[in-house]
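Right, one structure below, let's go through it.
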Amino acid sequence: MISDKNFVDAAEGKTYFILNYGCQMNESDAEHYAGQLEEMGYAKADDFHNADIIVVNTCCVRESAEKRILGKIGELKRVKENHPGQVICVAGCMAQKDGEKLIKKHPQIDLLIGTAHVNSFKKILTDFLADKGGRIYDDMIIADSEFEGNRVRQSGFSAWIPIMYGCNNFCTYCIVPYVRGRERSRSIENIVEEVEQAVANGYKEFTLLGQNVNSYGKDFGEKGMFAKLLRRVNDVPGVERIRYMTSHPRDMGEDVIQAVAECEHICENFHVPFQAGSSRILKMMNRGYTREQYLELVKMIRRYVPDAAVTTDIIVGFPGETEEDFEETLSLVKEVGFDAAYTFIYSKRSGTPAAKMEGQVPLDVKKARLNRLMAVQNENSLKRNEEMVGKTYEVLAEGPSANNPNVWSGRTRTNKLVLWPTEGRTFTAGQKVNVKICNAQTWLVKGQAE
Ligand code: 5AD
Ligand code: SF4
């Protein structure tokens, strides 16, 4: 085994680049890959072309993501031809799903790292460079879910904190349980330690991540653990904002909503994907709740936290979805009046039960439904944002906007994007600013700093 010291010497002057795709969990994993690479002595390259090590962190939740990533992996073949010795690692959900098939088709890949091996990346790479390692790590044997080491975080004030990995739900359209394995939770102590360390490094906002955060701790055989974790993180001195995602409507308990209502630092934003408005489709999706139960949940959220923003994920064109089913999705969207929604066209994922279901909906029908859905939701978003006009909100400043250094942007506790002119004042990322809203648009609001 090469010691860290030798490795740092071996990596001197060498660089890495991570091409990241997909969800927040992947962003968090990428921060851990970067942390391990920097521990080994690599520095971040400005551009992937010249990097000594490229990590492509992949996503396979929808076919469109997969196609884009395969295009990029293809491009890397030519890049590597111009850079002999460059190491190409393909990590994440596609590496897990396709394993050997991927490397056979794309021999420019040096290392395939499945989702169970994020924590052992440093060892895998060390062995590979010493010519000891295999090329494919796609088993699901997970030694430990606790986190040790470093992350190189993208943001200087907002930190992703994975609290659990995997999913036990097997929604019939979803590939995630097959590529991320069963639920494994980190211990509260391990999570709190990471939060405390990040606070010491100046972090203010913490987003607790998991495929189904409401199941946190169930693998320890205990109930109500997510609400306990929220309260515990709320008590960490220096924590200013807590977010979490993603919630499952079936598992979202009153205890969690109460924790949000009572804890000073937990943000009033509930992201609760409902996926489809028809109970018949929900049953076929294996979601474990009905339309009525979902609406009850939203009522409970509004009873405890009247000013909460409620956001969601929706799939259109699940197999067998009729015009009537789809209209139930539209009517639910209107009834709830979501602040925002992530809307997706159903994508057939081979190996999932829905891929084999009859009544696959033609693409043109799915596209037309998506457009109708987005039009309804855009009206909701604009209406909700218009309700903010004339009121003052606490905004966590993020930075100057991309195209105008004299305009800053940030987010409210309800996760609304806010822009305001600096008017000669200096702001810093992570600073709390009170902004009075004067203009509302579909995707953002504008205001004046007080
Ligand atoms: N097709 C379309 N959307 C999907 N999602 C998950 N699987 C699929 C699929 N096969 C969506 C769900 C989930 C979000 C992260 O991605 O809405 O909440
Ligand atoms: Fe996929 Fe359902 Fe698990 Fe979410 S809860 S990751 S949609 S299987």
Per-bin percent of Cα-Cα distances, the chain [10 Å]: 4, 19, 28, 28, 17, 4, 0
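Rounded, prolate or oblate: pick one for the stretch 251-299, where a ≥ b ≥ c are the square roots of the eigenvalues of its C-alpha gyration tensor, a/c under 1.5 means rounded, and failing that, prolate if a/b is larger than b/c, else oblate.
Because a/c hits 1.5 or more and a/b exceeds b/c, the stretch 251-299 counts as prolate.
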At what distance in angstrom do the alpha carbon centres of the stretch 218-243 and the stretch 150-206 lie from each other? 12
Gain on full stretching of the segment that runs from Ala43 to Glu394 - 0.36 nm per residue minus C-alpha separation: 122.7 nm
Ellipticity estimate at 222 nm from DSSP helix runs (n ≥ 4, -39,500 (n - 2.57)) divided over the chain, nearest 500: -11000 deg cm²/dmol
Amide H neighbours of Gly399 at under 5 Å, excluding residues fewer than 5 places away on the same chain, with H built from the backbone geometry, are Ser409
Local electrostatic count at Trp160 - Lys and Arg +1, Asp and Glu -1, tallied over other residues with Cβ under 14 Å: +1
Over what distance in Å are the Cα centres of the stretch 314-388 and the stretch 406-423 separated? 29
Area projected by the alpha carbon convex hull of the stretch 371-438, averaged over all directions, nm²: 5.3
Read phi for every residue in the stretch 349-355 and hand back ³J(HN,Hα) as whole Hz from Karplus 6.51 cos²θ - 1.76 cosθ + 1.60, θ = phi - 60°, with x for Gly and Pro. 10, 5, x, 8, x, 5, 5
Whose amide H sits under 5 Å from the amide H of Gly92, counting only residues 5 or more places off or on another chain, with H placed in the peptide plane? Thr58, Ile113, Thr115
Please report the spacing between the Cα centers of the stretch 9-52 and the stretch 262-276 in Å, no decimals. 32
Cβ density ranking, 10 Å radius, fewest first, applied to Met300, Met245 yields Met300, Met245
Percent relative contact order for the chain, counting Cα pairs under 8 Å at least six residues apart, stands at 10
Label-point gap, in nm, between Glu12 and Thr442 - each point 7 angstrom along Cα→Cβ: 5.6
What list of ³J(HN,Hα) couplings, whole Hz, do you get for the stretch 103-109 from phi and the Karplus terms 6.51, -1.76, 1.60, once you set θ to phi - 60° and write x for glycine and proline? 6, 5, 6, 10, x, 5, 6
Residue-wise HN-Hα coupling along the stretch 412-418, computed from phi with Karplus coefficients 6.51, -1.76, 1.60 (Hz; x: Gly, Pro): 6, 4, 7, 6, 7, 7, 10
Within the stretch 105-192, report the trypsin sites (Lys or Arg not before Pro) that DSSP leaves as loop and that have at most 15 other Cβ atoms within 10 Å. Lys132, Arg135, Arg182
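Readers should treat all values here as calculations from the given coordinates under stated rules, not as data from a laboratory. Note that the coordinates shown come from a computational prediction; the quantities given were computed from them, not determined experimentally. Cβ sites come from the backbone with ideal geometry, for glycine too, and all protein chains shown count toward neighbours.
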